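Participant: The structure that follows is given in the form of structure tokens.
The values are calculated or read from the model by the stated rules, or taken from the named source; none is laboratory data. Just so it is clear, the structure is predicted and the values come from calculations on it, not from any experiment. Here the Cβ is made from the backbone with ideal geometry for all residues, glycine too, and neighbour counts use every protein chain on show. In case anyone asks, the SASA skips ligands and DNA or RNA and just uses the protein heavy atoms, side chains included. Shrake-Rupley method; radii C 1.70, N 1.55, O 1.52, S 1.80 Å.
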Amino acid sequence: MAVDVPAASSGAGPSVDDVAEQRVPDRSPMASEAMGLGAREARRGSVTRVVTPTVGVRKRLREIWLSRELLIYLVRTEIKVKYKNSVLGLVWSMVAPAMTLAIYFFVFSVVLDNKMPNFVIYLFAGLLLWNLFSLGVLTGTGVVVNNAGIVKKVSFPREILALAAVGSACVFFFFQAIVMVIFMVVLRAPPDVAYFPLLVVALLAGVILASGLAVLLSSINVYLRDTQHLIEVILTAWFWACPIVYSYQTVEAKLGPRHLSWVYLANPMTPLVLVFQRCLYNKPTAVISGTLTVILPQHGYLWYSALVGIVLVLGIVLFLVALAVFGRLEGNFAEEL
Amino acid sequence: MSDFAVDVRDVSKRFRLAHGQYKTVKERLIHGGKRKSTEDFWALDGVSLTVKEGETVGILGRNGSGKSTLLKCICGVLQPTSGEVAVRGKLAGLLELGAGFQQDLTGRENIYLNGSLMGMAKRDVDKVFDAIVDFSELEEFIDGPVKFYSSGMYVRLGFAVAVNMDPDVLVIDEVLAVGDERFQRKCIGRVKEFQKEGRTILLVTHAADTVRSICDRGVVLSHGHLVGEGEPGEATRIFREGLMAEGAGMAVADPTLVAVPAVPTSVSADSVPDDERPVRFRSVHRVYSGDNTVPYMSTGDDLTIRVEFEALHPTPDVVFSLEVRDIDNNLVMRTDTSIIGMVIDAPRGVSVMHFGIVKMPLLDGKFSFAMGIQSRDGLLYDWQENAGTFAVMYPGKAAGIMRMDVHAALISTESELDSSAALA
């Protein structure tokens, strides 16, 4: 992997230090008159790329940062290509989640009659985050294999591909969020504004978690193509392990007395989903069939913050580990693809 | 430390040649996590190479010699197993033209996408956008999806994007061989422009002529090792010698080169009665004047063709003719002893005559020659269509068919101009 290393940076290897001293190469007058030479001259003295067997995580992070514009391009490309030649275009990105939403609503609210007020909002709050997470992880897993052509021929930080998959999932999240707002306005269900900052942190944690998994799995998938199919199955199970279509409290009621709530909360998506529900659904308790029923955890802001904080840290650690693993596996991508 | 542009430091790259690999969980479980027998293959083995700023270096090597692997390591597409590559300045790799193109996007969108894949900011692409479109000659198609482009258009756009990225180091992997001839010339022209601007160019090619005409230096790779390095002509020589030594590649493609008739060429039995063809060939040898340890001659060397012939009875006024043909069987030259102004009276029995080609003017190539014996009035006694072959190698820089002595002079003052005009 090639890295752009500003020569002035500290901590770079001895090879880079050698380069740091600027030199003006001997050149014929004709050559130096050539267009744009001045700019090139300056750049040449100051930047060196070093291709080494392995690339440290810190370098990788800097590289990703330097390629942020590429990330935006890839996200745009993915969305453009996905809906090219389709009449409805981006609307399709909302049709599938809307269908899921409608089915769950029908099954749980109408058929099973769970009597939760504004159940659509409750469902949507959880699904919003889950769709982002699962779409990002699922498409991210296949991304290196599917872009073998570029990976084998062009030099760029390949993690960007996985990040772009999560990025386009974020775009779809944005569109679905607009629909969510419309729902909330129509149903007159105001969110709990106090939890809004926490919701942003939870979203961030979710994105980092999805990115970490996408980067990790995309590299593993090159060597073990089953990963792609395996992750589909795991995500289905994972979905039902999160309190999205049922309430957290129904699980808590069974696990709480045995002091096993932590098992349920060990699923990193659970706290994030809970924060989304706490903020957007904003009904910790509701009167159902005349009795006061608890829907969301009865804890305060601090409890939610602590859980989200833990997930955020976990997500960051996972992301860094994923980068390290990706770096180890990347060396042989070209021969495995 | 010298002002290098690319510094390859002891780079090795190992590939595991698995004889079919277990890619699925099931297979891995069944085989208990054991790997199938693998074989290590060192595509590159301790290669070190320093390319100075502004230098153009050509990498020569057979298929599978590690050329492309080396370029990929330099570009950062592959990571070396050990060693490292340092590159100073911005590098643009042309490993495959249009590699990052998205079929469904338009040419315009692809220019931006490709630019950012190569690490360019949008505003930088904006600046060179017109130049790219101009160079690729795709004005009318730039807003159409690239999937409708012909392969030539595709390649043109790919090259145009890469060369307009303002790289300090340009790495080209045999991509100059694509596109129509006019565009190829345009690409080479652009590459030469790059050289003039003091940029560094590294290119892999099969065409030794390209190395000779463009490069300042050539390096030869063989089985992952750097086996030779030097002036383009010298590198080309090492490369070709290597090919011949291995009896592979080019030499195999051209059997006439190895099958030089060192043994007497037998004369085919002919329906013509003996008394009507009193003179015939017994054998034809060709002898190079220079270094006889190599199976070719250099331009400027002498070539002698030694002809042994037999006359059944004394025959006066025999004419020997010689035709030299190139690999495509185009006639290079025909001459005969009567043109040369020689009268040969063949005595009875076996005699020997020599054709000498003095100071071979031909540049690289394999040539064959045909010979005939006839009477002065045109009656053909004997004809050898494939009398023999010879190979010429040119160690200098000029490219083309033959060497000409070219002189150049600068005429600067007006009076000199006048006098030269008067001369004309």
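Participant: What FRET efficiency do you get for A:L260 and A:M99 if R0 is 41 Å and r is their Cβ-Cβ distance, rounded to the nearest 0.05?
Facilitator: Details: r = 35 Å, r/R0 = 0.85.
With a Förster radius of 41 Å, E is 0.75.
Participant: What's the local net charge at A:L90, with K and R +1, D and E -1, over the other residues with C-beta under 14 Å away? Don't skip to the end; give the middle numbers.
Facilitator: Details: positive: A:R76, A:K80, A:K82, A:K84; negative: A:E78.
Its environment carries a net charge of +3.
Participant: What is the spin-label model distance, in nm, from A:N267 to A:L61 if the labels are put 7 Å beyond Cα along the C-beta direction?
Facilitator: Calculated label separation equals 3.1 nm.
Participant: Now, a different point. Mind listing the phi-derived Karplus ³J(HN,Hα) values for the stretch A:88-96, rounded to whole Hz, using 6.51, -1.76 and 1.60 with θ = phi - 60°, and x for any glycine or proline?
Facilitator: 7, x, 4, 4, 4, 5, 9, 5, 4
Participant: In a shell of Cβ-Cβ distance under 15 Å around B:E109, excluding B:E109 itself, what net charge do Lys and Arg (+1) and Asp and Glu (-1) give? Before the final figure, lay out the partial values.
Facilitator: Working: positive: A:R76, A:K80, A:K82, A:K84, B:R108, B:K122, B:K147; negative: A:E69, A:E78, B:D104, B:D126, B:D143.
Overall, the nearby charge balance is +2.
Participant: Using only Cα positions of chain A, each an equal point scatterer, no hydration layer, compute I(q)/I(0) via Debye at q = 0.11, 0.15 Å⁻¹ and quote the log10 values to two decimals.
Facilitator: -0.81, -1.25
Participant: In the stretch A:54-200, if every C-alpha pair distance is counted and binned at 5 Å from zero, what percent goes to each bin?
Facilitator: 2, 8, 14, 17, 16, 14, 11, 8, 6, 3, 1, 0
Participant: Could you work out the percent of alpha carbon pairs in the stretch A:92-174 separated by over 16 Å, rounded to a whole number?
Facilitator: Numbers: 2037 of 3403 pairs.
More than 16 Å apart: 60 percent of the Cα pairs in the stretch A:92-174.
Participant: Stretch A:Y301-A:L320 to full length: gain in nm at 0.36 nm per residue minus the Cα-Cα span?
Facilitator: Numbers: separation 19, 0.36 × 19 = 6.84 nm, distance 2.85 nm.
Net length gain for the segment: 4.0 nm.
Participant: To continue, here is another question. How fast does the stretch A:209-285 diffuse by Stokes-Einstein, in µm²/s, taking the Kirkwood radius from C-alpha pairs at 4 °C and 1.567 mPa s?
Facilitator: On the way: Rh = 14.3 Å.
It comes out at roughly 90 µm²/s.
Participant: Give the carbon-plus-sulfur fraction of the accessible surface of the stretch A:117-267 in %, rounded to a whole number; probe 1.4 Å, heavy atoms of protein chains only. Before the final figure, lay out the partial values.
Facilitator: Numbers: 4360 of 5780 Å².
Exposed carbon and sulfur together represent 75 percent of the surface.
Participant: Now a separate question. Please compute how much accessible surface disappears when B pairs with A, both sides summed, using a 1.4 Å probe, and round it to the nearest 100 Å².
Facilitator: Chains B and A together bury approximately 4800 Å².
Participant: Share of Cα-Cα pairs in the stretch B:82-198 beyond 17 Å, in percent? If you can, show how the numbers build up before the last one.
Facilitator: Numbers: 3602 of 6786 pairs.
Within the stretch B:82-198, distances greater than 17 Å cover 53 percent of Cα pairs.
Participant: I would also like to ask the following. Taking only protein heavy atoms into account and a 1.4 Å probe, give the accessible area per residue of the stretch B:368-417 in Å².
Facilitator: Values: 3160 Å² over 50 residues.
Roughly 63 Å² per residue, with all protein chains present.
Participant: Length gain on complete extension for the stretch B:D405 to B:R306, per 0.36 nm per residue less the alpha carbon to alpha carbon distance? Write out the running numbers ahead of the final one.
Facilitator: Values: separation 99, 0.36 × 99 = 35.64 nm, distance 2.87 nm.
Contour length minus Cα-Cα distance gives 32.8 nm.
Participant: Another question, if that's okay. So if the hydrodynamic radius of the stretch A:198-337 is defined as the Kirkwood radius over C-alpha pairs, what does Stokes-Einstein give as its diffusion coefficient at 4 °C and 1.567 mPa s, in µm² per second?
Facilitator: Working: Rh = 16.9 Å.
Answer, rounded: 77 µm²/s.
Participant: How high is the relative contact order of the stretch B:49-155? Use alpha-carbon pairs under 8 Å, at least six apart in sequence, and give a whole percent.
Facilitator: Working: 66 pairs, mean separation 24.6, N = 107.
Result for the stretch B:49-155 is 23 percent.
Participant: If you roll a 1.4 Å probe over the stretch B:275-351 with all protein chains in place, what percent of the accessible area is carbon or sulfur?
Facilitator: Values: 1820 of 3820 Å².
That fraction is 48 percent.
Participant: To the nearest 0.05, what FRET efficiency results for A:K84 and B:K52 with a Förster distance of 30 Å applied to their C-beta separation?
Facilitator: Details: r = 46 Å, r/R0 = 1.55.
According to the calculation, E is roughly 0.05.
Participant: Between B:R334 and B:S151, what FRET efficiency comes out of the Förster formula 1/(1 + (r/R0)^6) with R0 = 35 Å and r the beta carbon distance, rounded to 0.05?
Facilitator: Values: r = 42 Å, r/R0 = 1.19.
It comes out at approximately 0.25.
Participant: Sticking with this structure for a sec: Could you tally the net charge around B:D173, taking each other residue with its Cβ under 14 Å from the Cβ of B:D173, Lys/Arg +1 and Asp/Glu -1? Can you show the working numbers first?
Facilitator: Working: positive: A:K152, A:K153, B:K67, B:K72; negative: B:E96, B:E174.
Net charge in that neighbourhood comes out at +2.
Participant: Report the one residue of A:L274, A:P190, A:T227 whose Cα lies farthest in the direction of the positive end of the charge dipole of chain A (charges on C-beta: Lys and Arg +1, Asp and Glu -1; origin at the Cα centre).
Facilitator: Result: A:P190.
Participant: When ligands, DNA and RNA are left out and all protein chains stay put, how many square angstrom of accessible area per residue does the stretch B:294-362 have with a 1.4 Å probe? Provide the component values of the computation, followed by the final result.
Facilitator: On the way: 3420 Å² over 69 residues.
Ligands and nucleic acids excluded, the result is 50 Å² per residue.
Participant: Between A:V91 and B:M353, what is the label-to-label distance in nm when each label sits 7 Å out along the Cα-to-Cβ direction?
Facilitator: 9.2 nm
Participant: Then there is this: So what is the accessible area of chain A per residue, in Å², with the probe set to 1.4 Å?
Facilitator: On the way: 15340 Å² over 337 residues.
For chain A, the solvent-accessible area averages 46 Å² per residue.
Participant: Only residues of the stretch B:320-364 count here: report those whose backbone N is under 19 Å from the spot 7 Å along Cα→Cβ of B:L380, or say none.
Facilitator: Those under the cut-off are B:320-326, B:329-339.
Participant: Quick one: if you stick a label point 7 Å off each Cα along the C-beta vector at B:S213 and A:V111, how many nm between them?
Facilitator: 7.4 nm
Participant: Could you compute how fast the stretch A:50-135 diffuses translationally, taking Rh as the Kirkwood radius over C-alpha pairs and applying Stokes-Einstein at 20 °C with viscosity 1.002 mPa s? Give it in µm² per second. Present the calculation step by step, with values, prior to reporting the outcome.
Facilitator: Details: Rh = 16.7 Å.
Answer, rounded: 129 µm²/s.
Participant: I need to check one value: relative contact order of the stretch A:178-337, counting alpha carbon pairs closer than 8 Å and at least 6 residues apart, in percent.
Facilitator: Values: 145 pairs, mean separation 66.9, N = 160.
42 percent.
Participant: Roughly speaking, what is the stretch gain from A:I288 to A:R188, that is 0.36 nm per residue apart minus the C-alpha to C-alpha distance, in nm to one decimal?
Facilitator: 34.1 nm
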